[in-house]
Every structure is written in structure tokens, then in C-alpha cells.
């Protein structure tokens with residue numbers, strides 16, 4: 001068994017930043033394999049430094065306080081390991097998400113993402129900051145025992161921009177969800193008198209709800225009672241007009257178990273986003289036997305097996321409507337697509353599969369020769 005240390009502070013309900021919360025989810029890897037023991041840091045100094053930086057980031061982003069970005073909590077950032085934490089001395093390796101620990105005396109498994117130059121420039125990020133991020137990732141790749149990307153397209157993008165000196169690997173995001181059972185899947189898809197559609201997304205505009213509603217109106221005009229649509233959103237990026245239509249219902253906010261329950265009851269999960277850096281909900285939909293409908297972007301192609309496990313569409317109302325009409329015409333093909341998605345989840349995204357891949361990587365660290373034992377003085381970076 002390998003003991004893996006995760007340096008991360010506890011989270012709170014009001015912190016909804018997925019990048020901040022993901023390291024805590026990784027502690028559940030040990031529930032799905034006997035080859036790993038996960039050790040979460042217990043350090044007041046680490047917690048205080050991290051929350052202080054997170055607070056500065058909030059002031060800079062939300063309140064527009066003119067703080068240097070390197071003072072705030074960023075993904076491309078070094079930080080100090082808590083020397084006083086006894087869990088660190090008992091570990092075999094460190095699992096770091098995005099931010100990288102200094103003075104690491106153990107092999108570091110580093111999970112990161114690509115540097116999207118076009119996106120950063122659209123956001124007004126300076127070339128100096130872009131160059132800083134690229135330099136950070138090159139240096140960290142050289143120091144880490146293993147560099148992990150969460151999809152093949154992200155790996156290709158990372159390799160192209162960062163030009164790492166050491167190989168990179170692909171392990172999808174770890175999502176601790178259970179899939180729909182076979183009986184429930186068969187029962188759901190045996191009867192298609194009503195095809196149930198589902199949308200979940202806080203940023204409803206960016207995630208394509210207006211397009212879906214337009215498509216739903218078209219479907220209702222053509223097929224009357226054949227379709228229903230349930231929307232879950234708190235409309236974080238602005239209000240969306242929800243018309244009063246038969247079969248259309250809406251909830252503002254639900255917990256995660258309720259969202260999964262809705263997916264299990266639905267035939268299609270539709271979220272034609274402008275962009276998604278990953279798309280956890282598409283994976284969850286496949287696990288629950290619902291067909292994901294996503295905008296045709298590279299990462300979503302990876303997740304949906306290039307269309308073998310869901311629909312990749314042009315981002316238009318007609319594009320949404322067309323794939324749903326197909327289920328009316330050929331229910332057997334729709335059921336087969338849902339079954340393919342469920343199978344893809346079982347083989348590539350289920351928590352036991354992801355845990356086994358992390359365990360295999362941890363057991364192979366001795367062959368990766370990536371121990372970081374350099375002094376922090378030569379790194380020339382600020383840290384939390």
C-alpha cells in the first residue's frame with residue numbers, strides 16, 4: 001500500500017471553487033482501492049496561509065482591488081509544505097493539484113491543466129503573466145515525479161505550449177459517484193412515451209439554457225406531449241426567461257444527490273455550453289444512464305468518446321432539437337447510445353478505475369526519478 005499525502009486546507013460550503021475543493025475529493029480514492037491510503041494535511045499554518053491568499057484573490061477579482069496577482073491564491077503558484085504535520089513524515093508521496101509544494105522531500109504527483117493562450121488573452125491577462133505561468137509549469141514538470149492531465153486533448157495542449165522535458169500522463173478527474181443499476185436502466189429506457197430532458201448549470205446563459213428552451217418550444221410544437229424538460233439553475237450569470245409551457249419545470253438549487261437522482265430519471269442531459277474546461281456533469285450523466293448532449297469541443301470529444309457515448313452538436317437551438325428528434329424516430333438507437341455511455345463510464349471514469357490508475361502510478365514512482373530536493377532559493381518565486 002502507498003500512503004499519499006494531500007496538502008490542502010478544509011473547505012466550507014460557501015467556497016464553490018472547484019479547483020479549490022478538488023484536492024479534498026481525492027482523499028476518497030482510498031475507498032475504491034486497497035492499494036492507497038490518503039493522508040489529508042492537518043496544519044494550521046498551511047490553512048491560514050491558503051485562506052489569506054484566497055481572500056486576497058476575492059478582493060482582486062470581485063471587488064477589483066488592484067493587488068498583484070502573485071499575492072493572491074492562484075493555480076500556478078508555489079507554496080510551503082507544513083513541516084509540523086506528522087502525516088507528511090508517514091507518507092510515500094505527495095499528490096498536488098495545480099499549486100506545487102516547495103521543499104518536497106518525497107516524490108510529487110502533480111495534477112495540472114494546459115495553458116490556454118487565447119483564453120488568457122481574451123481575459124486581458126498580460127504577456128508577462130502568461131510567460132510566468134508557462135515558466136512555472138515547465139519548472140514544475142521537471143521537478144515532479146509525474147505530471148497528470150485530465151484528458152487527452154488537455155495533454156496535447158499542455159505538451160504543445162509548455163513543451164515539457166518529462167513525459168506527461170492522462171488520468172481523468174476522480175468523481176466518487178455510483179452508477180445506475182442495470183434494472184433501473186432497463187426500466188427507464190423500456191418506455192419512451194415521455195422523453196425526459198434535464199438541464200443543470202448555475203451559469204444558465206453560458207451553459208446554453210436559452211438555446212435549449214428554444215429547442216424545447218420547437219419540439220413541443222411538433223410532438224406535443226412527447227417531451228418534458230426539467231431545469232436546475234440559480235441563474236448566476238443573469239436571468240433567463242422561463243416560459244410557462246406544459247412539461248417545463250424549474251428548481252433553483254439542489255444538492256448533489258438530488259442532481260444525480262434527476263439524472264437517473266432523465267433520458268437526456270443537455271448542456272450546450274459556450275466552453276467547458278472539463279464537464280463533470282457529462283460524466284455523471286453517463287453514469288446515470290442519461291445521454292449527454294454537449295457542444296462539440298475537444299475536451300467534450302474526449303469525454304464522450306468522439307460521439308460514441310453522447311451527442312456532440314453545433315451550438316444552436318436547431319442542433320439541440322435535431323438530436324432529440326432522432327430519439328423519437330429510433331428509440332432503440334437512443335437506448336444503445338445511453339448504454340454505450342454507461343459502459344464508457346464503467347471502463348474509463350468510474351471511481352474504482354480512476355483509483356486503480358492512481359495506485360498504479362504511485363507504485364511506479366521509483367522508476368520516474370522525479371524527487372524534488374532542490375532548495376527554494378533557486379526557484380525565485382513567491383509562495384504561500
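On the stretch given as segment 304-339, residues that are over 19 Å from residue 198 (Cα atoms) and in contact (Cβ under 8 Å) with a residue 12 or more places away in the chain total 2. For segment 144-154, the set of residues classified as touching a strand residue (DSSP E or B) at 6+ places or on another chain (Cβ under 6 Å) and either assigned to a loop (DSSP other than H, G, I, E, B) or not assigned by TED's automatic domain parsing to the domain that holds residue 167 (or both) consists of 144, 145, listed by residue number.
Rundown of residues vs (1) in a helix (DSSP H, G or I); (2) touching a residue at least 60 places away in the same chain (Cβ under 8 Å); (3) touching a strand residue (DSSP E or B) at 6+ places or on another chain (Cβ under 6 Å), yes/no style:
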site: 137; (1), (2), (3): yes, yes, no
site: 142; (1), (2), (3): yes, no, no
site: 161; (1), (2), (3): yes, no, no
site: 165; (1), (2), (3): no, no, no
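If you take the residues in segment 67-113 that are touching a helix residue (DSSP H, G or I) at 6+ places or on another chain (Cβ under 8 Å) and free of Cβ contacts under 8 Å to residues at least 24 places away in the same chain, which one is farthest from residue 138 (Cα to Cα)? Ranking the qualifying residues of segment 67-113, first place goes to 67. Residues that are crowded, with 16+ Cβ neighbours inside 10 Å and over 26 Å from residue 328 (Cα atoms) occur in segment 177-194; there is at least one. Residues in segment 326-358 that are assigned to a helix (DSSP H, G or I) and surrounded by fewer than 16 Cβ atoms within 10 Å (Cβ to Cβ): 326, 328, 329, 332, 333, 336, 343, 346, 347, 352. Count of segment 192-207 residues, restricted to those that are in contact with a strand residue (DSSP E or B) (Cβ under 9 Å, 6 or more places away or on another chain), in a loop (DSSP other than H, G, I, E, B) and closer than 21 Å to residue 223 by Cβ, is 1.
Say we look at segment 280-303 and pick out the residues that are free of Cβ contacts under 8 Å to residues at least 40 places away in the same chain and crowded, with 24+ Cβ neighbours inside 10 Å; which of these is farthest from the chain's Cα centre (by Cα)? My answer is 293. Scanning segment 242-259 for residues that are without any contact (Cβ under 8 Å) to a residue 24 or more places away in the chain and exposed (fewer than 11 other Cβ atoms within 10 Å of the Cβ) gives 244, 252, 253, 255, 256, 257.
The values are calculated or read from the model by the stated rules, or taken from the named source; none is laboratory data. Since the structure is predicted, the reported quantities are computational estimates derived from the model, not experimental observations. Every residue, glycine among them, receives a Cβ derived from its backbone with ideal geometry; neighbour counts consider all protein chains shown.
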